[in-house]
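Visitor: Here's a structure for you.
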Amino acid sequence: MASHEQSASTSDASTTATDAESQTETEPETALETARRQLARAGSQLEIDEAIRERLAHPAKVHEVTIPLERDDGTVEVFTGYRAQHDSVRGPYKGGLRYHPEVSRDECVGLSMWMTWKCAVMDLPFGGAKGGIVVDPKSLSAAEKERLTRRFTQEIRDAIGPNRDIPAPDMGTDPATMAWIMDAYSMQEGETIPGVVTGKPPAVGGSYGREEAPGRSVAIVTRETCEYEDQPLSETTVAVQGFGSVGASAARLLEEWGATVVAVSDVNGAVYEPDGLDVASIPSHDEEPEAVTRNADDVLENEALLELDVDVLIPAAVGNAITAENAGQIQADIVVEGANGPTTFAADSILEERGITVVPDILANAGGVTVSYFEWLQDINRRSWSLKRVNDELETEMVRAWNDVRSEVDDQDIRWRDAAYVVALSRIAAAHDARGLWP
């Protein structure tokens, strides 16, 4: 393992990191705060018109709706839903839809900004969006969840569409949710319109490989980064926080490619085996909820997994996992972000000062939106792709995007997150400049 001394390479980095370390972060950093700080930092490194930077700090629209739901016992409960649409200069809005008790307007706006950068760094013809309903999906029966989804679709129907805004699954939603949205939207339009959402079951226009795509892209980016850092996968130890579809897919692929996965976790804690786990035998959260530690003799806290002495750490659970409080204890040489926003702005500065490579979420987990793009193409052309073609196309696109970012890292001697933003913002700014401001 490389030692991570706390010595800044530049005075600016030193100032930023010192300021970051002084933050107590008693209040969790919101996705919007993080996204705006990242935009400001990246924008200062590019000659982008100040008006464009200011425009990108704000969403184009935020839709807030109330959704009445008749519960199974006959009572009526009203929920709040959001759809934030950030920027559409490069194409229709695109982004996930989550059902979670902590969904908020600011969270949706921040995540929609990340989706804009993610689509641009992958050079996809989409802009960013994000939405959700403030609800604990575990409190809903299957029938209640369907009724809530169909009514929410009706409430935001004028805001979405295959050429306007295309939702996809996120926390608390799944292919069935997308099928209900497609059906509700299609019924109102009078024709079947599969392209209104992605992440659907293949039986109704979904793409093979979509659910595994974010984890597959994390694995591809990890492989490429390790090779770049002269770290053979056969000699690489990996810890994965979160064993949902992203973490499980990434861990299984990396194990298949020769890496040694020594720790994985779910909400109840982590299992750790220094000589390597049999990852293929551990059920993912989707396959068997909260099963990671069920038969384990020793269980680590999730926080302890983040601080293990490994070559690669993949935070693939929730946002704000790495903060100013624990960034100083991270021992991995490389952090590959599987979740959206797992590293706060303050923690990011500390990791930079300590010489830890951080590959950002807008590149690492972009396989999801990339295969969503493939699904959208299949839907509008009414032609299905095989799983092999999807995976081959994803491999090509991820390696190309990784090389675009790596070129900026090498040419400008900047960190990976800044390089990804340089690639993304350059493309977005060029589009805004080309289109101009109307009227």
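The values are calculated or read from the model by the stated rules, or taken from the named source; none is laboratory data. All values reported here derive from a predicted model rather than from experimental measurement. Here the Cβ positions follow ideal geometry from the backbone for every residue, glycine too, while neighbour counts run over all protein chains shown. What goes into the accessible areas is simple: the full protein's heavy atoms, side chains included, and nothing from ligands, DNA or RNA. Shrake-Rupley method; radii C 1.70, N 1.55, O 1.52, S 1.80 Å.
Visitor: To the nearest 500 deg cm²/dmol, what mean residue ellipticity at 222 nm is calculated for the chain from DSSP H runs of n ≥ 4 alone, each contributing -39,500 (n - 2.57), summed and divided by the residues? Let's see the in-between values first.
Guide: Details: 14 runs with 186 residues, N = 439.
Mean residue ellipticity at 222 nm (helix-derived): -13500 deg cm²/dmol.
Visitor: Using alpha carbon centroids, what distance separates the range 174-220 and the range 123-163, in Å?
Guide: Between the Cα centre of the range 174-220 and that of the range 123-163, the gap is 12 Å.
Visitor: Label 7 Å along Cα→Cβ of Glu33; the range 87-121 residues with amide nitrogen under 20 Å?
Guide: 101-115
Visitor: Taking only Cα atoms and a 10 Å spring cutoff, compute GNM fluctuations for the chain and point out the largest among Val399, Val109, Val246.
Guide: Maximum among the listed residues: Val399.
Visitor: Tell me, what is the FRET efficiency for Ser384 and Ala280 to the nearest 0.05, using R0 = 22 angstrom and their Cβ-Cβ distance as r? All intermediate terms of the calculation are to be shown ahead of the outcome.
Guide: Values: r = 28 Å, r/R0 = 1.28.
Efficiency, from the Cβ-Cβ distance: 0.20.
Visitor: What's the extension gain from Val399 to Ile414 if we count 0.36 nm per residue and subtract their Cα-Cα distance?
Guide: Numbers: separation 15, 0.36 × 15 = 5.40 nm, distance 1.94 nm.
Full extension of this stretch gives 3.5 nm more.
Visitor: Hey, another quick one. Name the residue, out of Ala203, Ala57, Ala429, whose mean-square fluctuation peaks in a Gaussian network model built on the chain with Cα pairs under 10 Å.
Guide: Ala203
Visitor: Which percent of the accessible area of the range 324-439 is formed by carbon and sulfur heavy atoms (probe 1.4 angstrom)?
Guide: On the way: 2110 of 4390 Å².
With neighbouring chains kept in place, the figure for the range 324-439 is 48 percent.
Visitor: Which value, in debye to the nearest 20, describes the size of the charge dipole of the chain about its Cα centre when Lys and Arg Cβ atoms bear +1, Asp and Glu Cβ atoms bear -1, and nothing else is charged?
Guide: Values: 38 positive and 77 negative charges, 463 e Å.
It comes to approximately 2220 debye.
Visitor: Per residue, how many Å² of accessible area does the range 297-408 show with a 1.4 Å probe? Each step should come with its number before you reach the end.
Guide: Details: 3820 Å² over 112 residues.
Heavy-atom accessible area per residue stands at 34 Å².
Visitor: Using a Gaussian network for the chain with springs between C-alpha atoms less than 10 Å apart, which of these wobbles most: Ser281, Ser426, Ser112?
Guide: Of Ser281, Ser426, Ser112, the Gaussian network model singles out Ser281 as fluctuating most.
Visitor: Leaving out ligands, DNA and RNA, what percent of the accessible area of the range 127-218 is carbon and sulfur, probe 1.4 Å? All intermediate terms of the calculation are to be shown ahead of the outcome.
Guide: Details: 1630 of 3450 Å².
It is 47 percent, rounded to a whole number.
Visitor: Additional query: Place a point 7 Å from the Cα of Val204 along the Cα-to-Cβ direction; which residues of the range 97-111 have their backbone N under 18 Å from it?
Guide: Flagged as within label range: 97-99.
Visitor: May I pose another question? For Asp49 and Asp106, compute 0.36 nm times the residue count separating them, minus their Cα-Cα distance, and round to one decimal in nm.
Guide: On the way: separation 57, 0.36 × 57 = 20.52 nm, distance 2.51 nm.
Extra length from Asp49 to Asp106 when fully extended: 18.0 nm.
Visitor: Also, I was wondering about something else. With every protein chain in place, what's the accessible area of Arg400 (1.4 Å probe, Å², nearest 10)?
Guide: 70 Å²
Visitor: With label points built 7 Å along Cα→Cβ from the Cα atoms of Asp158 and Ala304, find their separation and express it in nm.
Guide: A separation of 5.5 nm, rounded to one decimal place.
Visitor: At R0 = 22 Å, how high is the FRET efficiency between Asn268 and Glu70 if r is their beta carbon distance? Nearest 0.05 is fine.
Guide: About 0.05, to the nearest 0.05.
Visitor: A follow-up question, please. Tell me which of Val312, Gln231, Val204 sits at the most positive position along the dipole axis of the chain, charges placed on C-beta atoms (Lys, Arg +1; Asp, Glu -1).
Guide: Result: Val204.
Visitor: Still on this structure, I have one more. Accessible surface of Met187 in the full protein assembly, 1.4 angstrom probe, to the nearest 10 Å²?
Guide: Using a 1.4 Å probe on the heavy atoms, I get roughly 140 Å².
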